[in-house]
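The values are calculated or read from the model by the stated rules, or taken from the named source; none is laboratory data. Just so you know, these numbers come straight off a predicted model, no measurement behind them. Every residue, glycine as well, gets a Cβ built from its backbone with ideal geometry; the counts of neighbours run over all protein chains shown. All accessible areas refer to the heavy atoms of the entire protein, side chains included, with ligands and DNA or RNA removed. Shrake-Rupley method; radii C 1.70, N 1.55, O 1.52, S 1.80 Å.
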Amino acid sequence: MDIRANVLTNKLEDLFFAHPRSLEIWRAFPHVLLMDATYKTNKYGMPLLEIVGVTPTNMTFSIAFVYMHEEKHSNYVWALDCLKSVMEGCMLPSVIVTDRQLALMNAYSIIFPDAKGLLCRWHINNNITKKCKSCWDVLYMSWTRLVNSETKEAYNKNLVLVEKITRCIFLSKQNMVDTIQRKVCVCMDR
């Protein structure tokens, strides 16, 4: 556990905590981190950052939680620095999955500079759903084929289809397809 208080008021601003057993599991499976913050949905009215790990069998486990007084770059840097300090010399994560919270993305690129950043598929699907209600079925089917592509050839073929569909709808290739290619499909280079 680690805390950070306001220098002037001594009021608690940030609280990092992790159970020792969770840290043991994480040391065994340090490769992938998933991070997401709730927005003040607790009785303290503070964002809660949950940091989750993934085993090779795709089982998830909680690693740590951080109450933060704000979702700002400095808060995320502090939280991830606390996380790094409990690793005790173990291997750093290779992949970090987040929503598109820019402050968090910038913070992990500082604390874990060698980790590849991926955008969460669930968050991407929700954003696509919100923006593409009228054409959702066709786009979702194509999108699912794209993210489930098992080879680079299949990925490139499915990418062409998604590009055609997104061009026909209203999403620009620059905003959606390039982001997908850079963030979600980095894992194609296994």
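Among the residues of region 139-174, write down those that are under 18 Å from residue 122 (Cα atoms), open to solvent by 30 Å² or more (accessible area, probe 1.4 Å) and modelled with pLDDT under 85. Scanning region 139-174 gives a single hit, 140.
How about region 65-102: which of its residues are over 13 Å from residue 33 (Cα atoms), surrounded by 16 or more Cβ atoms within 10 Å (Cβ to Cβ) and either touching a His at 6+ places or on another chain (Cβ under 8 Å) or among the basic types (Lys, Arg) (or both)? Across region 65-102, the qualifying residue is only 75.
Against the conditions (1) open to solvent by less than 30 Å² (accessible area, probe 1.4 Å); (2) within 27 Å of residue 4 (Cβ to Cβ); (3) touching a residue at least 40 places away in the same chain (Cβ under 8 Å), residue 118 satisfies every one except (2). Say we look at region 37-59 and pick out the residues that are open to solvent by 60 Å² or more (accessible area, probe 1.4 Å) and in contact (Cβ under 8 Å) with a residue 24 or more places away in the chain; which of these is nearest to residue 84 (Cα to Cα)? Applying the filter and picking the extreme gives 56.
Please determine whether any residue of region 80-89 is of a type in the set (Val, Ile, Thr) and within 24 Å of residue 122 (Cα to Cα). Checked against the condition, which is being of a type in the set (Val, Ile, Thr) and within 24 Å of residue 122 (Cα to Cα), region 80-89 yields no hits at all.
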